[in-house]
1. Does anyone have the angle between helix B:182-201 and the longest principal axis of chain B? Alpha-carbon axes, 0 to 90°, nearest 10?
2. Taking 35 Å as R0, compute the FRET efficiency from the Cβ-Cβ separation of residue A:70 and residue A:235 and round it to 0.05.
3. So how tilted is helix B:15-50 from the main axis of chain B? Cα-based, degrees 0 to 90, rounded to 10.
4. Could you tell me the distance between the Cα centroids of segment A:230-251 and segment A:375-438, to the nearest Å?
5. Taking the Cβ-Cβ separation of residue B:174 and residue B:105 as r and a Förster radius of 25 Å, what is the calculated FRET efficiency to the nearest 0.05?
6. Within segment A:59-85, whose backbone N sits under 16 Å from a point 7 Å along Cα→Cβ of residue A:465?
7. Along segment A:412-426, what does the Karplus equation 6.51 cos²θ - 1.76 cosθ + 1.60 (θ = phi - 60°) give for ³J(HN,Hα), rounded to whole Hz, x for Gly and Pro?
8. Let me know the number of lysine pairs in chain A closer than 26 Å at the Cα, not counting same-chain pairs under 8 apart.
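FYI, it's all coordinate maths here, none of it is from the lab. Only a predicted model underlies this, so the values are computations on that prediction, with no experimental measurement involved. Please note: Cβ atoms are built from the backbone with ideal geometry, for glycine as well, and neighbour counts cover all protein chains shown.
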Amino acid sequence: MTDITLPFVPPLDAGGESYLDEGHTILSWLTTTDHKRIAILYALSITVFFFIGGVAIGLVRLELISPTGLFLTSDEYNRLFTIHGIIMVWFFLVPSIPATMGNFILPMMIGAPDVAFPRLNLMSWYLYVGGAAFTIYVLFSGGVDTGWTFYPPFSSDYSHSNVIGAAAGVFIVGFSSIATGVNFLATIHMLRCPGMTWLRLPLFAWSMYVVSMVMVLATPVLGMSLLLISAQRLFGLPIFDPSAGGDPLLFQHLFWFYSHPAVYIMILPAMGVVSEVFTCFARRRLFGYGFMVFALIMIGVVGFMVWGHHMFVAGQSPLANLVFSFLSFIVAVPSAIKVFNWTATLYRGHIGFEAPMIYALGFLGLFTIGGLTGLFLASVPIDIAATDSYFVVAHFHTIMVGGTVSAFMAGIHYWWPKVTGKLYNEFWAQFAAITMFLGFNVTFLPQFVMGWLGMPRRYHYYPDVFQIWHILSSGGAVILGAAYLMPLVYLTWSLFYGEKSPDNPWHATGLEWQTPSPPPKSNFLRPPRIDADPYDYHDFGRAAETGDESRARPQGDAS
Amino acid sequence: MTETAGALREPWPDLRLQREGVGLGMWIFLASEVLFFGSLFCGYAVYRTFNVEAFRIAGAHTEIVYGSINTVLLLTSSLTMTIALRAATAELRNLTLYCLAATAALGAAFVLCKGLEYHEDLKQHLFPGLHFPLSPPATQMFWGFYWIMTGIHAVHLTGGIVVVLVVFTLFKRRVIPVQGSTMEGVAIYWHFVDSVWLVLYPLLYLAGRP
């Protein structure tokens with residue numbers, strides 16, 4: 001199975017027509033099985049949800065300017081931060097990179113004409129839409145107030161909000177990510193082009209492989225835990241009811257058995273994206289390719305064994321705490337390997353500061369801060385002090401927003417010319433990237449501080465001493481919001497008025513760049529073939545600054 | 001190869017690879033399903049460890065006759081499904097159709113039998129709630145798992161029956177040829193649903209009996 005490669009079947013209509021010209025009706029988009037069009041459907045839908053989730057938390061941040069609240073009741077406040085969590089986790093972050101860039105780029109990267117099961121791919125988008133419909137319904141029917149974690153007994157017995165609707169939405173969208181995972185795994189196993197051996201797969205393809213594995217194995221457990229909650233709520237089956245011998249802690253175990261690996265579902269694709277961006281914009285081979293692959297797999301595997309660190313104060317045995325703490329430290333090792341290798345990749349590079357690279361460099365710094373604060377929290381005594389404080393909030397937002405969203409933006413800008421055939425405005429993109437980095441830090445560094453000082457998360461009212469930090473954080477959120485809106489404007493502008501992009505504007509290696517921009521429906525005009533290792537930017541032992549100039553990117557042609 | 005037109009789908013270059021791909025995809029999906037049911041089994045194991053005696057008492061009240069008949073029905077359906085798959089690979093079209101019909105019929109018989117059993121259970125108020133007849137309270141936990149496990153299994157099986165009937169119709173009308181990759185995926189899924197029952201049967205019907 002491992003080394004089956006695909007003999008290329010030349011497309012019947014080997015013309016140069018791009019996938020965008022294969023039909024212009026809305027119906028042709030809604031019934032497409034082309035992985036590139038499905039990626040765009042996904043991109044549009046997750047963008048909508050990103051801004052809905054953003055508005056929800058924007059209102060929360062506005063409310064938190066005052067220690068006694070401004071305009072929300074506590075009930076509305078609970079519902080807003082809950083819907084923010086549910087939407088951002090399951091309707092933005094989980095599908096963000098895999099369903100958009102993974103769908104679009106992965107088959108091209110490995111030289112395949114499409115994913116293994118194109119109709120299943122379309123179905124996964126409709127599942128997403130189905131789950132999204134439930135979530136919209138929850139929004140209009142008054143929201144849900146359990147927090148995104150759905151902990152019983154509150155969610156199963158006491159909450160008066162629409163828990164079932166929210167759980168149904170998350171359950172359904174979970175099957176959308178399982179479908180994507182199955183598709184990617186089969187694609188990577190079966191549809192690589194001649195010469196594309198496992199150890200020539202670009203890191204982004206490897207990250208998609210590992211993330212698909214995690215999606216397929218973790219998501220069903222979330223589905224089951226939500227099903228059990230719903231069974232208790234709807235039919236009174238006493239699964240988490242202590243009076244019938246049940247244990248609410250079991251829910252937390254099942255929930256985090258998914259939701260901790262889900263953190264890796266969200267960050268691994270980001271690691272894949274920045275590996276592509278760093279190599280391209282530093283004109284360097286990836287430092288320690290084998291270790292990078294190994295680290296991805298290690299994170300995927302060990303990531304399944306650390307869920308208990310979410311439950312240090314939930315009544316878990318001290319022995320379990322010790323083991324989970326230890327394993328959480330272990331998972332930091334491959335993450336650190338990746339950070340060091342990215343840094344070493346930059347060393348002696350021919351670095352350009354185009355927007356994707358600025359976003360990726362932002363990722364590198366923020367991921368490191370997020371990872372190191374994660375180590376604080378993996379240590380039991382510190383976690384007992386910091387549990388449920390803003391320190392935790394700041395920690396995971398540094399990974400999720402500073403890490404994943406930065407990498408998502410890096411990827412969007414990096415592959416934008418390939419996807420649309422248009423060049424975006426480099427100045428505004430660089431400006432937005434820097435604004436986002438600054439806005440992020442102004443928003444979340446104060447949260448680290450106030451969390452450390454004792455400000456609990458999810459509180460509506462708080463002591464006056466924390467007000468200054470909340471005001472700083474809310475001010476940062478305004479900057480961050482502006483930085484998110486800018487790309488919406490200049491990227492849309494580029495669609496209509498942007499300069500036409502050459503096929504390979506970044507002079508990048510990789511199969512996806514060896515085809516027209518935008519690509520034809522069958523992805524390639526000639527049979528793709530791989531004869532070299534990935535990231536072939538310079539000869540071994542010779543950095544770009546001394547190496548073959550023809551492989552180095554001429555400076556400044558991108559802006 | 002006769003009448004393979006319509007069997008090959010994008011993006012596969014040939015039918016052998018496509019069949020292998022469909023098999024691989026289905027196995028990966030089943031890995032996901034294993035974790036889905038696995039979290040239920042895990043919950044059952046945890047609670048049984050906490051409430052050994054209650055699970056023994058509650059387990060003695062399941063309808064073992066219905067359960068055993070259903071086990072026989074489902075195992076037989078797996079046999080007919082296997083024959084259907086082999087027949088399809090050997091391009092024996094009629095045998096494939098007969099065996100698919102038999103599989104769907106056995107599956108339907110299982111669901112019917114399960115319905116009778118549910119009726120019997122409800123007559124004895126064996127649904128967790130106010131009128132639950134057994135004690136201690138943790139016996140309700142066993143029956144909570146009983147309803148969820150058998151319910152989810154029945155949903156899977158019903159889905160399987162629908163798929164078998166659809167595939168049967170498509171084969172019958174010669175929309176797709178039997179030797180395509182379809183049978184591969186259908187058969188693997190059917191066997192999985194069957195093997196889940198082989199775990200449920202001892203957990204629910206045998207565990208409470210000496």
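1. The helix B:182-201 is inclined about 10 degrees to chain B.
2. Values: r = 41 Å, r/R0 = 1.17.
So the FRET efficiency works out to roughly 0.30.
3. Value to nearest ten degrees: 0.
4. Here the answer is 37 Å between Cα centres.
5. Working: r = 22 Å, r/R0 = 0.89.
It comes out at approximately 0.65.
6. Label zone hits: A:67.
7. Ordered by residue, 3J(HN,Hα) equals 4, 6, 5, 9, 3, x, 5, 6, 9, x, 10, 9, 7, 7, 5 Hz.
8. 9
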